[in-house]
Amino acid sequence: MNEKKHERFLKVAGHRMDLLICDFRKLGNCASKNTYEYTEEEVALIFEELDRQIHLLREKFEGKKKFSLRSAPEDS
């Protein structure tokens, strides 16, 4: 294993995970019914998209990313 690449992965992945966790907490703040109004359908859409993104991420790490006419262009 290339130690330099591994160290870079640990640094970048760790930082990006910290940002994601922070953003998840912020999104969770939207659950406050005292501050926001939302429908169960809107909540379901949020979780469907999160599940979809997790699935796409897992495929990338597993090397299974395939071409599909149904998938949207990915953001970097």
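The residue that is most open to solvent (accessible area, probe 1.4 Å), among those in the stretch 34-50 that are assigned to a loop (DSSP other than H, G, I, E, B) and β-branched (Val, Ile, Thr), is THR35. Looking only at residues of the stretch 54-76 that are hydrophobic (A, V, I, L, M, F, W, C) and at pLDDT 70 or above, we find that the one that is nearest to ILE21 (Cα to Cα) is ILE54. Figure legend. Inter-residue proximity from the stretch 20-40: first residues more than 14 Å from LEU50 (Cβ to Cβ) and without any contact (Cβ under 8 Å) to a residue 24 or more places away in the chain, second residues of a type in the set (S, T, N, Q) and in a loop (DSSP other than H, G, I, E, B), beta-carbon distance below 9 Å, spacing 6+ or different chains. Indicated pairs: ASN29/THR35.
Quick grid of which residues meet (1) basic (Lys, Arg); (2) open to solvent by 80 Å² or more (accessible area, probe 1.4 Å); (3) at pLDDT below 95; (4) touching a strand residue (DSSP E or B) at 6+ places or on another chain (Cβ under 9 Å):
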{"residue": "MET1", "(1), (2), (3), (4)": "no, yes, yes, no"}
{"residue": "LYS11", "(1), (2), (3), (4)": "yes, yes, no, no"}
{"residue": "ASN29", "(1), (2), (3), (4)": "no, yes, no, no"}
{"residue": "SER32", "(1), (2), (3), (4)": "no, no, no, no"}
{"residue": "ARG52", "(1), (2), (3), (4)": "yes, yes, no, no"}
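The values are calculated or read from the model by the stated rules, or taken from the named source; none is laboratory data. This one's a predicted model, so the numbers in the text were calculated from it and none came from an experiment. FYI the Cβ positions are ideal-geometry reconstructions off the backbone, even for glycines, and counts take in every protein chain you see. Only protein heavy atoms, including side chains, enter the accessible area calculation; ligands, DNA and RNA are left aside. Shrake-Rupley method; radii C 1.70, N 1.55, O 1.52, S 1.80 Å.
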